[in-house]
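The structure that follows is given in the form of structure tokens.
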Amino acid sequence: MSSRLILASTSPFRQQLLTKLNIPFDTCSPDIDETPKEGEAPDALVMRLAQSKAIKGASGLSQGLVIGSDQVAVINGRIVGKPLTHEKAVEQLTQASNQIITFYTGLSLHNISTGLSDTRIETFKVHFRELTQAQIEYYLQTEQPYFCAGSFKCEGLGIALFTQLEGKDPNTLVGLPLITLIDMLSKQGYQVLSQNLVD
């Protein structure tokens, strides 16, 4: 039989990534508090939030698989969120210049029927070029990535900001590690290449 798959995210970037797998899915908005706990490490934070989103997305449903994901960027040990403003984006990219940003992405797959969650973390490192203020301004005016952690969109002109990408799956950088997700779905009996849920 077909599995009901729900992406607990309103992110158009994550939705676009999931469509790559050519599988039917619904979306929902998991309304959770994303405030980090005092002293919480970035990896622990994204794993907790990813699982919380998946579980929240399962509310009121009797069966199916719910995908939750959360991501933070870290520069020199400090979490960097979405800039939201031009001034903050300038500050973030100035800090990122000639540095390595590590992205921590939590991914959780919650089985509504069993009540069990498979939650994992993927890391991805982005090596930034040395950027001038003029280059930063040009990039921000061109793409306006104010709702993206780290102030860039790697799927667009943002690729020009980097000297190297380091990680297992480039989709991780956009916010949904598809290679790991395929493995997780397979363990739940959902075979992406056949789109069947094995009983």
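Quote the convex hull volume per residue of region 1-111, based on C-alpha atoms, as a whole number of Å³.
Details: hull volume 13.5 nm³, N = 111.
That works out to 122 Å³ per residue.
Still on this structure, please answer the following. Can you tell me which lysines have their Cα less than 30 Å from the Cα of residue 153? Leave out same-chain residues fewer than eight positions away.
Within reach: 20, 37, 53, 56, 82, 88, 125, 168.
Using only alpha carbons, build the gyration tensor for the chain and give me the equivalent ellipsoid semi-axes, biggest first, whole Å. Show your work: numbers first, answer last.
Numbers: eigenvalues 205, 59, 41 Å².
They are 32, 17, 14 Å, listed from largest to smallest.
Find how much the distance from residue 99 to residue 116 grows on full extension, using 0.36 nm per residue of separation minus their present alpha carbon separation; answer in nm with one decimal.
Numbers: separation 17, 0.36 × 17 = 6.12 nm, distance 3.86 nm.
This chain segment gains 2.3 nm when fully extended.
Could I ask something else about it? When the accessible area of region 1-154 is split by element with a 1.4 Å probe, what percent falls to carbon and sulfur?
48
Right, something else. What number, rounded to the nearest 500 deg cm²/dmol, is the helix-based mean residue ellipticity at 222 nm of the chain, given -39500 (n - 2.57) per DSSP H run of at least four residues and division by all its residues? Intermediate values should be presented prior to the final figure.
Working: 6 runs with 60 residues, N = 199.
Helices in the chain give a 222 nm mean residue ellipticity of -9000 deg cm²/dmol.
If you line up the Cα atoms of region 108-199 on their principal axes, what length do they span on each, largest first, in Å?
57, 23, 22
Placing +1 on the Cβ of each Lys and Arg and -1 on the Cβ of each Asp and Glu in the chain, which of 25, 151, 36 has its Cα farthest towards the positive end of the resulting dipole?
Most positive-ward Cα: 25.
Which order do the peptides 110-123, 148-161, 128-141 come out in when sorted by mean C-beta neighbours inside 10 angstrom, highest first? Mind showing how you got there, number by number?
Details: 110-123: 16.7, 148-161: 19.9, 128-141: 14.6.
Result, highest mean first: 148-161, 110-123, 128-141.
Give me the number: length gained by fully extending residue 129 to residue 31, i.e. 0.36 nm times residue separation minus the C-alpha to C-alpha distance, one decimal in nm. Before the final figure, lay out the partial values.
On the way: separation 98, 0.36 × 98 = 35.28 nm, distance 3.64 nm.
So the chain would gain 31.6 nm between residue 129 and residue 31.
Just to be sure I understand the model, the point goes 7 Å from the Cα along the line to the Cβ. What's the resulting residue 78 to residue 157 distance in nm?
So the label points at residue 78 and residue 157 sit 2.7 nm apart.
Another question about this same structure. At 1.4 Å probe size, with every protein chain present, just tell me what the per residue accessible area of the chain comes to in Å². Could you put the intermediate results ahead of the total?
On the way: 9930 Å² over 199 residues.
I get 50 Å² per residue for this part.
The values are calculated or read from the model by the stated rules, or taken from the named source; none is laboratory data. Note that the structure is a prediction, hence the values are computed from the model and not measured. Counting neighbours? That spans all protein chains shown, and the Cβs are built from the backbone with ideal geometry, glycine included. What goes into the accessible areas is simple: the full protein's heavy atoms, side chains included, and nothing from ligands, DNA or RNA. Shrake-Rupley method; radii C 1.70, N 1.55, O 1.52, S 1.80 Å.
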